[in-house]
Amino acid sequence: MVDAKGKNMKCLTFFLMLPETVKNRSKKGPKKGGASTSKLPPVCYEIITLKSKKKKKMAAEIFPAKKLASPNSNTVQQFHQQNLNNNNTIHAPNWQGLYPTIRERNSMMFNNELMADVHFVVGPPGGTQRLPGHKYVLAVGSSVFHAMFYGELAEDKDEIRIPDVEPAAFLAMLKYIYCDEIDLAADTVLATLYAAKKYIVPHLARACVNFLETSLSAKNACVLLSQSCLFEEPDLTQRCWEVIDAQAELALKSEGFCDIDFQTLESILRRETLNAKEIVVFEAALSWAEVECQRQDLPVNIENKRKVLGKALYLIRIPTMALDDFANGAAQSGVLTLSETNDIFLWYTAAKKPELQFVSKARKGLVPQRCHRFQSCAYRSNQWRYRGRCDSIQFAVDKRVFIAGFGLYGSSCGSTEYSAKIELKRQGVILGQNLSKYFSDGSSNTFPVWFEYPVQIEPDTFYTASVILDGNELSYFGQEGMTEVQCGKVTVQFQCSSDSTNGTGVQGGQIPELIFYA
């Protein structure tokens, strides 16, 4: 039949006979010249081709009325935990159905033997770990892996040795590549940064640098400085210098200072803006020399300390020390020769000073900035009284700074001495405190009171500055206080503190100045 109805019947018959048609074709094969034995219209060849490839429909298309059961959370957690263990395969017959997204299914391949087509032996001899990998996933995540597996000089080995990367760091990199998750820890972040740099995984490297910048402190700044130079991370290097300059004495006394290399030692000793007493610099250099002797398997004695210091010894500005520090410290250390000791003593006392190999010009250090929050000050016959009560104010900054101390008002009844207990807190935790004295000359000037070491202040977080004064009952006090003050490139916001029991607030009172390094 040639009408429309007939054509429909032929088509229907064809679909019913399709399995048999395919079966017969597979047995007989095509004729010579590639001509097919079938005389069906060309449109039907397309249908046959689709059928021969066995293209499957999605479950939702086959059973549109039936809802798929959501995966059991306990089962998913079980497989996820199994995947985190080393070299475990998934034995569930349909584990793919447990995860709705390709990201989740792909993450199941992390550290998994299932379908692994390459293995890595990671770590130094004696501390290696064998880790499975999947070339396609690795090549998508790293240009180095792409070149390794699919480039012109592609690796054809089933096992690749990587002795210069720690297993934990390599796993952290693989977790990012497979799972798009960044899992960093303080004890492995440097090794992870090395792995990310080596295999050119820039987003992970950036996350490592951010982690290091966030956790940067005086205790680890010197070590991170040497590493940041090695990794060519200028932003991290700059942050390290900011901490080392402002909190120099803490940084030099830290254990991490003794772990730096000689080149980093020289760069620190040359630093013009190092905010430390020179005797502290000298003692830190001797501590480094002692550890360096141990690293070089040398007996720890005066001669070897001087030997490992080499020319770096002359970068210590010994002639700029206080005479007491030199006489009781450097002169009796044994590191200096008798001639050097004699010449430095003459440098302190003689009119005609001898030539020295040591740098004799004092370091500039850092210039402190002062944020003044009052527009005027005054005094009255019945104010400002203390009697053991606390003056307190809260503040926040928009850039990282280092609070070195406070500027305080003094007596309005002539010159006198005050005892001041200053304190800096964050969410109730004391970050810095000191008990010291200052002399007030009776003027309306402010008088600095310093912490023992500058305190690092993070941006966009409120801190509490407090002082308890003991001295003349009547003093100057601030008026017309400002809630926001622009001081150089730093914006400081003020708000009242619940710790204040003596009347100090935003509008008036004590603590007129914050003294800081930025």
Can you pull the percent of segment 95-215's accessible area that's carbon plus sulfur, 1.4 Å probe, other chains left in place?
56 percent
Table column - 3J(HN,Hα) (Hz), segment 218-232, Karplus curve with 6.51, -1.76, 1.60, x for Gly and Pro:
4, 5, 10, 5, 5, 5, 5, 4, 5, 6, 5, 5, 5, 8, 6
Cα gyration tensor shape of segment 369-517, rounded if a/c is under 1.5, else prolate or oblate by comparing a/b with b/c:
prolate
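Provide the packing ranking of 256-264, 219-227, i.e. peptides ordered by the mean count of other C-beta atoms within 10 Å per residue, highest first. Write out the running numbers ahead of the final one.
Values: 256-264: 17.7, 219-227: 23.0.
Ranked by mean Cβ neighbours within 10 Å, highest first: 219-227, 256-264.
So, by mean Cβ neighbours within 10 angstrom, what's the order for 207-215, 193-201 with the highest one leading? Walk me through the numbers on the way to the answer.
Details: 207-215: 18.0, 193-201: 21.3.
Answer by packing, highest mean first, reads 193-201, 207-215.
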Checking a compactness column here: for segment 95-215, what do you get for Rg(Cα) / (2.2 N^0.38 Å), N being the number of residues?
1.06
In Å², what does the accessible area per residue of segment 95-215 work out to with a 1.4 Å probe?
49 Å²
Please calculate the 1.4 Å probe accessible area of HIS146, with all protein chains present, and give it to the nearest 10 Å².
90 Å²
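Enumerate by residue number the chymotrypsin sites (Phe, Trp or Tyr not before Pro) in segment 338-386 meeting two conditions: DSSP loop (anything except H, G, I, E, B), and at most 12 other Cβ atoms within 10 Å of the site's Cβ. If you can, show how the numbers build up before the last one.
Numbers: sites: PHE345, TRP347, TYR348, PHE358, PHE374, TYR379, TRP384, TYR386; in loops: PHE358, TYR379, TRP384, TYR386.
Passing both the DSSP loop test and the Cβ count: no residue.
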Cut-off 14 Å, label 7 Å out along Cα→Cβ of ASP324, residues of segment 260-303 by amide N
279
Once Rh is set to the Kirkwood radius over Cα pairs, what Stokes-Einstein translational diffusion coefficient, in µm²/s, holds for segment 293-361 at a temperature of 10 °C and a viscosity of 1.306 mPa s?
123 µm²/s
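Given an 8 Å cut-off on Cα distances and at least 6 residues of separation, report the relative contact order of segment 243-349 as a percent. Please report the intermediate quantities before stating the final value.
On the way: 89 pairs, mean separation 28.0, N = 107.
This gives 26 percent for segment 243-349.
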Give me the percent of the accessible area of segment 369-517 that comes from carbon and sulfur atoms, probe 1.4 Å, all protein chains in place.
45 percent
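Can you bin segment 243-349 into rounded, prolate or oblate? Criterion: square roots of the alpha carbon gyration tensor eigenvalues sorted a ≥ b ≥ c, rounded for a/c under 1.5, prolate for a/b above b/c, oblate for the rest.
Numbers: a/c = 1.96, a/b = 1.14, b/c = 1.72.
The shape class here is oblate.
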Tally Lys/Arg at +1 and Asp/Glu at -1 over every other residue whose Cβ is under 11 Å from the Cβ of PRO459; what's the total?
-1
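Subtract the Cα-Cα distance of ARG387 and GLU272 from 0.36 nm times their separation in residues, and report this length gain in nm to one decimal. Could you put the intermediate results ahead of the total?
Values: separation 115, 0.36 × 115 = 41.40 nm, distance 4.37 nm.
Gain on extension, ARG387 to GLU272, equals 37.0 nm.
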Would you please state which residues of segment 104-144 a label at GLU159 would reach in this model, taking the label point 7 Å out along Cα→Cβ and a backbone N cut-off of under 12 Å?
119-122, 129-131
Protein chains only, probe 1.4 Å: how do LEU313, LEU190, LEU338 rank by accessible area, largest first?
LEU338, LEU190, LEU313
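Provide the gained length on full extension for the span SER443 to ILE302, in nm with one decimal, where the gain is 0.36 nm per separating residue minus the Cα-Cα distance.
Values: separation 141, 0.36 × 141 = 50.76 nm, distance 5.28 nm.
Answer, rounded to one decimal: 45.5 nm.
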What ranking of TYR463, TYR176 comes out by heavy-atom accessible area, probe 1.4 Å, highest first?
TYR176, TYR463
State, as an integer percentage, the relative contact order of segment 309-362 based on alpha-carbon contacts under 8 Å between residues 6 or more apart.
55 percent
Quote the accessible area belonging to ASP470 in square angstrom, nearest 10, computed with a 1.4 Å probe and with ligands, DNA and RNA left uncounted.
110 Å²
By accessible area (1.4 Å), largest first, SER287, SER436 order as SER287, SER436
Residue-level accessible surface for VAL121, protein heavy atoms, 1.4 Å, Å²
10 Å²
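If contacts are Cα pairs under 8 angstrom and at least 6 residues apart, what is the relative contact order of segment 369-517 in percent? Before the final figure, lay out each step's value.
On the way: 438 pairs, mean separation 65.1, N = 149.
After rounding, I find 44 percent.
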So how far apart, in nm, are the two label points at MET115 and ASP235 if each is 7 Å from Cα heading toward Cβ?
3.5 nm
Loop-only check: which trypsin sites (Lys or Arg not before Pro) in segment 394-492 are DSSP coil with at most 15 other Cβ within 10 angstrom?
LYS399, LYS489
Can you give the accessible area per residue of segment 383-487, in Å², using a 1.4 Å probe?
43 Å²
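Computed FRET efficiency, Cβ-Cβ of GLN294 and THR483, R0 51 Å: what is it to the nearest 0.05?
Working: r = 55 Å, r/R0 = 1.08.
Here the calculated transfer efficiency is 0.40.
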Specify the inter-centroid distance of segment 485-518 and segment 318-392, based on alpha-carbon positions, in whole Å.
28 Å
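The values are calculated or read from the model by the stated rules, or taken from the named source; none is laboratory data. Every value quoted in this text rests on a predicted model; they were computed, and no experiment measured them. Backbone-built Cβ (ideal geometry, glycine too); neighbour counts: all protein chains shown. Protein only, heavy atoms only, side chains kept; ligands, DNA and RNA dropped before computing areas. Shrake-Rupley method; radii C 1.70, N 1.55, O 1.52, S 1.80 Å.
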